[in-house]
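Q: Please see the structure below; I have some questions.
The values are calculated or read from the model by the stated rules, or taken from the named source; none is laboratory data. No experiment lies behind these values; they were computed from the predicted model shown. Here the Cβ is made from the backbone with ideal geometry for all residues, glycine too, and neighbour counts use every protein chain on show. The accessibility values were calculated without ligands, DNA or RNA, using every heavy atom of the protein model including side chains. Shrake-Rupley method; radii C 1.70, N 1.55, O 1.52, S 1.80 Å.
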Amino acid sequence: MLRALAALFALVPLLWALPAGAQSGVTYCVGGYEGTPPNVVAACDQPAVRAMHAKWHFHDWVTNGRDCFACYDEQDNTCITKFVNNSQGVWQRGNGYDCARLYGERHTAGLVVEHVINGEHVTPPAPPPQMQLEARVERISPGPYTAGDKVTVVGAVRDESGALRRILGGTFRVTDASGQSTEHKGTVQPDGTVSAGFSLPPSDAARIEFIPEAPPLGQNETLRSAASEAQSLKVEVCGFRARVVQPTEHEALVAGQSVPLSARLFDAAGQVPVASPPAGLSLEFTVQVDGETPQVLRADSTLSATWTPPASPKPRQVRLSAGGRAGERVVCPAGEVSATVSDLGLGFDTSELPGTCYVGLPCQGTVRLLRPEPGPARQQVDALLADPKVEARMVDTGDERYRGPPRPDDRYTFSATYSEPGNVSWSIVFQTPRGPVSMPAHEVRVRPPLKLELPAELDFGTVAAGSSVTTACQKLDFSGSQGAEEHRWELRAEGLGGCQSRPVLRFLNALGQADTRGLEPSLGIEALDPTDRRLDICLEVPRCAGDVSPDSAVLRVVPLTPEFKAQEKTVRLRWKVEGQGFLGCHGAWVWPVLGLLGFGLVIAGFTQPARFPPGASIRVAGSERGMRQSAAILLQACPGSSPGFYRDARLGLHGDGEVNGRTRNAVILLKATRGSGVVLTGLGPLEQQDRRTLQWEPVTDLAQGHVPSPSVLYRAGGTYFKVEL
């Protein structure tokens, strides 16, 4: 509130004074807003202001060079012709995207700077009483439903009187029977509600809640809860589908005249007609007229019913669907049919009207007048429109484009070329002896034309092979362009044949994490950030090999707005990737592998050498007779009997009968072998005693390693011994 008052006081010296006395047609409102342009909730669109105006729309942004405000008028261009033009240069037209870049988000939706009606300044009304606002799920397309069916939901925020409060957006939370939730972002509709379409989850039930983006609240207002009350849906298995065949799509209906309703039955897929309705079929029509409570009408055995539309001085939309049951099986709707209803039976098909046009380019669209189907109602409408007193008027933002008799082909084409941006409002009014019939005003945004300016090339410079994708990035800068943030784009990398490097788009995903997307064959960009109209284009480079951009490497930037596709730009891509040697390229795995290999070799050096068997022993004596009294000595118990680093265990038998790890000057060496064995080696001489003849014989294989026999007595000089395994 303090910020709002400060802004108001700062603007007071700049406000232009209107001449005394009422000035017919001088009606407008200039005020602050909530949110980030161009998507805002404006002070001049709050219920208290809107209630003073039969026709009211956002016309354009205005700025005093220090701040931006939203200007509303009665669809007649007085925001510009009166407010701006009479301000003696203090105020100029603004651009919502520029307002976002210069001033960011604003919270002044309670600040009305100027509100003039017929030349008279409007005194701000007294603060309304304490009021609660409530979020609601306003509408769910009728059921019954089955898993996978696409439903349309509408959410809104209303005050206690039922007045709609415009909001910046909202989300629908869908919770299945297991408690798992998904959220679906909605789109703000022209009337201020939020709508979304999504498929039902594979579950037997679903709950739908609407979570609005919090609207700006006055001091007297509170939002009852952050989310609406949940609406529960029963999700079943469809046995059939019912399609409304009468009225037809876009048919015009006459208020007060009975309308036949008819449906046809199809299989569960909605494709094959069912010739004979199944036993126990019970079908109902759901009829929803804008602004009315839905009606449910039971169909007869021929799948028909009658309905009388309510009074509708202005044409209103009617949505019709059919569903029910056939015994234990469910009949689901096969979509909705949309018709119009009015007191005179006239409707308007505005599907051929544009939503956006561009300054300096032809802006054209056709409205088709809808008449009832052949019958009494059609005859009445035909007679009415043939009356020479009936006059049709086509109005473009207060300017009359056509006045005359109704067109024979029921087609009314608006065609204009606008010289300035803003919002224009197209409408058609039929003056008849029974009163006027008017088409709901159709809003068209008139925006500056696209003027695309981009750098001639993106040079990523010299990059080392194997570098991170974030190492080589360049900005594709749209900031020199006009209106670039208002369009969708296609980026397409071409001419990359023979090279391994690839350009990618780097961005933050929905989770706020850095992510990349390739540009081949193409990538669509839904919108640019209006506060930073640049895209990060990075280079993915090969891991090892060198690479140089070919002369044909380009990035094509294509506007997807049909009017400006000819402004496609080609941006040259340049880079050089320096290759790496074997270790530079493969070092990431070579060094660890070598380290592991070395570690393994060290471990093997201690674990692989042979050890003496646990039970192997030696008995040593100085004579043959002494052998009978000598004690066995375990080889593993001898000093120095452990193996060394890549050295098998070995012991030396010395001339004094000692057995230890010293092998120098030993008479005989005892070496452990794999397979739990022992061999004798040395220079000798070594003799063994023949057990039958008791004669001593030389050991001839000592140099190669003699395998001792446990029962054989050996003699080396004056030392006698036996090896027992």
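Q: Filter segment 445-466 down to residues that are assigned to a strand (DSSP E or B) and of a type in the set (Gly, Ala, Ser) and give me whichever is most open to solvent (accessible area, probe 1.4 Å). Spell out how you get there, then give the answer.
A: Of all residues in segment 445-466, those assigned to a strand (DSSP E or B) come to 445-447, 451, 457-464.
Checking which are of a type in the set (Gly, Ala, Ser) leaves us with 461, 464.
Values: GLY461: 29, ALA464: 51 Å².
That would be ALA464.
Q: From SER676, SER617, which residue is among the small types (Gly, Ala, Ser) and either surrounded by 15 or more Cβ atoms within 10 Å (Cβ to Cβ) or at pLDDT 90 or above (or both)? Before the answer, list the steps.
A: Numbers: SER676 fails: either surrounded by 15 or more Cβ atoms within 10 Å (Cβ to Cβ) or at pLDDT 90 or above (or both).
Being among the small types (Gly, Ala, Ser) and either surrounded by 15 or more Cβ atoms within 10 Å (Cβ to Cβ) or at pLDDT 90 or above (or both) holds for just one of SER676, SER617, which is SER617.
Q: Looking only at segment 76-106, how many residues end up being over 26 Å from LEU217 (Cα atoms) and either hydroxyl-bearing (Ser, Thr, Tyr) or in contact with a Gly (Cβ under 6 Å, 6 or more places away or on another chain) (or both)?
A: 5
Q: Go through segment 260-280 and give me each residue that's within 25 Å of GLY148 (Cβ to Cβ) and under 43 Å from the mean Cα position of the chain (by Cα).
A: Of everything in segment 260-280, those that are within 25 Å of GLY148 (Cβ to Cβ) and under 43 Å from the mean Cα position of the chain (by Cα) turn out to be ALA263, ARG264, LEU265, PHE266, ASP267, ALA268, ALA269, GLY270, GLN271, VAL272, PRO273, VAL274.
Q: Yes or no: ARG378 open to solvent by 50 Å² or more (accessible area, probe 1.4 Å), within 18 Å of HIS250 (Cβ to Cβ) and over 42 Å from the mean Cα position of the chain (by Cα)? So that I can check it myself, show each step before the final result.
A: Working: open to solvent by 50 Å² or more (accessible area, probe 1.4 Å): yes; within 18 Å of HIS250 (Cβ to Cβ): yes; over 42 Å from the mean Cα position of the chain (by Cα): yes.
Yes: the conditions hold for ARG378.
Q: Give the residues of segment 447-486 that are closer than 30 Å to ASN423 by Cβ, hydroxyl-bearing (Ser, Thr, Tyr) and over 28 Å from the mean Cα position of the chain (by Cα), sorted by residue number. Quick ask: steps written out before the conclusion?
A: Going residue by residue through segment 447-486, those that are closer than 30 Å to ASN423 by Cβ are 447-454, 477-486.
Pick out the ones that are also hydroxyl-bearing (Ser, Thr, Tyr) and you get 479, 481.
Result: no residue meets the conditions.
Q: Considering only residues that are among the charged types (D, E, K, R) and either open to solvent by less than 50 Å² (accessible area, probe 1.4 Å) or within 27 Å of ALA100 (Cβ to Cβ) (or both), which ones fall in segment 467-493?
A: As a first pass, look at segment 467-493 and keep what is among the charged types (D, E, K, R): 475, 477, 485-486, 488, 490, 492.
Once the filter is applied, which keeps residues that are among the charged types (D, E, K, R) and either open to solvent by less than 50 Å² (accessible area, probe 1.4 Å) or within 27 Å of ALA100 (Cβ to Cβ) (or both), segment 467-493 yields LYS475, ASP477, GLU485, GLU486, ARG488, GLU490.
Q: Go through segment 463-475 and give me each residue that's at pLDDT 95 or above and either of a type in the set (Lys, Arg) or under 21 Å from LEU583 (Cα atoms) (or both).
A: Within segment 463-475, LYS475 is the sole residue that qualifies.
Q: Picking from GLU183, GLU213, GLU229, which residue would you name as being acidic (Asp, Glu) and in contact (Cβ under 8 Å) with a residue 60 or more places away in the chain? I'd like the intermediate steps shown before the answer.
A: Values: GLU183 fails: in contact (Cβ under 8 Å) with a residue 60 or more places away in the chain; GLU213 fails: in contact (Cβ under 8 Å) with a residue 60 or more places away in the chain.
Matching residue, one of GLU183, GLU213, GLU229: GLU229.
Q: If a residue must be open to solvent by less than 70 Å² (accessible area, probe 1.4 Å), of a type outside the set (A, V, I, L, M, F, W, C), under 30 Å from LYS55 (Cβ atoms) and not in a strand (DSSP E or B), how many such residues does segment 164-195 contain?
A: The qualifying residues number 6.
Q: Are any residues in segment 500-523 part of a loop (DSSP other than H, G, I, E, B), modelled with pLDDT of 90 or more and open to solvent by 10 Å² or more (accessible area, probe 1.4 Å), and if so, which ones? Before you say what the answer is, go through the steps one by one.
A: First pass over segment 500-523, keeping only residues part of a loop (DSSP other than H, G, I, E, B): 500-501, 509-513, 519-522.
After this cut, where a residue has to be modelled with pLDDT of 90 or more as well, the list is 500-501, 519-522.
Within segment 500-523, GLN500, GLU520, PRO521, SER522 qualify.
Q: Tally the residues that are part of a strand (DSSP E or B), over 13 Å from TRP489 (Cβ atoms) and among the aliphatic types (A, V, I, L, M), restricting the search to segment 524-556.
A: Of all residues in segment 524-556, those part of a strand (DSSP E or B) come to 524-525, 529, 532, 534-540, 547-548, 554-556.
Imposing the further condition that a residue be over 13 Å from TRP489 (Cβ atoms) reduces the set to 532, 536, 538-540, 547-548, 554.
When the remaining residues are screened for being among the aliphatic types (A, V, I, L, M), the result is 539, 548, 554.
Qualifying residue count for the region: 3.
Q: Being in contact with a strand residue (DSSP E or B) (Cβ under 6 Å, 6 or more places away or on another chain) and in a strand (DSSP E or B), is that true of even one residue in segment 370-388?
A: The answer is yes, given that some residue of segment 370-388 is in contact with a strand residue (DSSP E or B) (Cβ under 6 Å, 6 or more places away or on another chain) and in a strand (DSSP E or B).
Q: Looking at segment 147-163, which of its residues are open to solvent by 10 Å² or more (accessible area, probe 1.4 Å) and either free of Cβ contacts under 8 Å to residues at least 60 places away in the same chain or within 26 Å of the chain's Cα centre (by Cα) (or both)?
A: Quick first cut of segment 147-163, residues open to solvent by 10 Å² or more (accessible area, probe 1.4 Å) only: 147-150, 152, 154, 158-163.
Across segment 147-163, the qualifying residues are ALA147, GLY148, ASP149, LYS150, THR152, VAL154, ARG158, GLU160, SER161, GLY162.
Q: What are the residues in segment 390-407 that are part of a loop (DSSP other than H, G, I, E, B), without any contact (Cβ under 8 Å) to a residue 40 or more places away in the chain and open to solvent by less than 60 Å² (accessible area, probe 1.4 Å), if any? Steps first, please.
A: Initial filter on segment 390-407 (part of a loop (DSSP other than H, G, I, E, B)): 390, 397-398, 405-407.
The next check asks that each one be without any contact (Cβ under 8 Å) to a residue 40 or more places away in the chain; those that pass are 405-407.
Correct list: PRO406 only.
Q: For VAL153, all conditions in the list (1) among the aliphatic types (A, V, I, L, M); (2) touching a Leu at 6+ places or on another chain (Cβ under 8 Å); (3) modelled with pLDDT of 90 or more hold save one; what is the number of the exception?
A: (2)
Q: Okay, moving on. Here's a check for you: in segment 112-136, which residue that is open to solvent by 20 Å² or more (accessible area, probe 1.4 Å) and aliphatic (A, V, I, L, M) is modelled with the highest pLDDT?
A: Applying the first criterion (open to solvent by 20 Å² or more (accessible area, probe 1.4 Å)) to segment 112-136 yields 112, 117-118, 120-132, 134, 136.
Okay, now just the ones that are also aliphatic (A, V, I, L, M), so 112, 117, 122, 126, 131.
On the way: VAL112: 92, ILE117: 95, VAL122: 92, ALA126: 73, MET131: 84.
Filtering first and then ranking leaves ILE117.
Q: Here is a further query. Tally time: how many residues in segment 335-353 are open to solvent by 30 Å² or more (accessible area, probe 1.4 Å), within 32 Å of the chain's Cα centre (by Cα) and farther than 20 Å from ARG411 by Cβ? Break it down stepwise before answering.
A: First pass over segment 335-353, keeping only residues open to solvent by 30 Å² or more (accessible area, probe 1.4 Å): 335-336, 343, 350-352.
Now restrict to residues that are within 32 Å of the chain's Cα centre (by Cα): 335-336, 350-352.
From what is left, the residues that are farther than 20 Å from ARG411 by Cβ are 335-336.
Adding up the residues that qualify gives 2.
Q: Still on this structure, please answer the following. Looking at (1) in contact (Cβ under 8 Å) with a residue 24 or more places away in the chain; (2) under 30 Å from GLU105 (Cα atoms), which one does LEU511 not meet, given that it meets all the others?
A: The number of the failed condition is (1).
Q: Tell me which residues, restricted to segment 408-421, are assigned to a strand (DSSP E or B), closer than 30 Å to THR81 by Cβ and open to solvent by 20 Å² or more (accessible area, probe 1.4 Å).
A: Start the filter on segment 408-421 by keeping residues that are assigned to a strand (DSSP E or B), which leaves 411-417.
Next, from what is left, pick out any that are closer than 30 Å to THR81 by Cβ: 412-417.
Those that are assigned to a strand (DSSP E or B), closer than 30 Å to THR81 by Cβ and open to solvent by 20 Å² or more (accessible area, probe 1.4 Å): THR413, SER415, THR417.
Q: Which strands (runs of 3 or more DSSP E) sit wholly inside segment 602-703 and have at least 1 residues that are over 17 Å from THR719 (Cα atoms) and touching a residue at least 40 places away in the same chain (Cβ under 8 Å)? Can you show your working first?
A: Working: elements: 617-621, 650-653, 668-673, 677-681, 687-689, 696-698.
Here the list reads 668-673, 677-681.
Q: Moving on. With the requirement that a residue be assigned to a helix (DSSP H, G or I), touching a residue at least 40 places away in the same chain (Cβ under 8 Å) and out of contact with any His (no Cβ under 8 Å at 6 or more places or on another chain), what does segment 48-77 give you?
A: To start, the set of residues in segment 48-77 that are assigned to a helix (DSSP H, G or I) comprises 48-50.
Keeping just the survivors that are touching a residue at least 40 places away in the same chain (Cβ under 8 Å) gives 48-49.
ALA48, the sole residue that qualifies.
Q: Here's another thing I want to ask about it. Has segment 528-536 got any residue that is within 27 Å of the chain's Cα centre (by Cα), open to solvent by 20 Å² or more (accessible area, probe 1.4 Å), on the phi > 0 side of the Ramachandran plot and not basic (Lys, Arg)? So that I can check it myself, show each step before the final result.
A: Start the filter on segment 528-536 by keeping residues that are within 27 Å of the chain's Cα centre (by Cα), which leaves 528-536.
From what is left, the residues that are open to solvent by 20 Å² or more (accessible area, probe 1.4 Å) are 529-536.
Keeping just the survivors that are on the phi > 0 side of the Ramachandran plot gives none.
No; the residues of segment 528-536 include none that is within 27 Å of the chain's Cα centre (by Cα), open to solvent by 20 Å² or more (accessible area, probe 1.4 Å), on the phi > 0 side of the Ramachandran plot and not basic (Lys, Arg).
Q: Can I ask one more? Just to be sure I understand the filter: pairs with C-beta atoms under 8 Å, separated by 6 or more residues or on different chains, first member in segment 337-354 and free of Cβ contacts under 8 Å to residues at least 24 places away in the same chain, second member open to solvent by 20 Å² or more (accessible area, probe 1.4 Å) and of a type in the set (D, E, K, R). Which pairs pass?
A: GLU352/ARG368
Q: Residues of segment 563-597 being part of a loop (DSSP other than H, G, I, E, B) and either open to solvent by less than 70 Å² (accessible area, probe 1.4 Å) or closer than 21 Å to THR471 by Cα (or both), which ones?
A: Keep residues of segment 563-597 that are part of a loop (DSSP other than H, G, I, E, B), which gives 568, 579-581.
GLY579, GLN580, GLY581 - these are the residues of segment 563-597 that are part of a loop (DSSP other than H, G, I, E, B) and either open to solvent by less than 70 Å² (accessible area, probe 1.4 Å) or closer than 21 Å to THR471 by Cα (or both).
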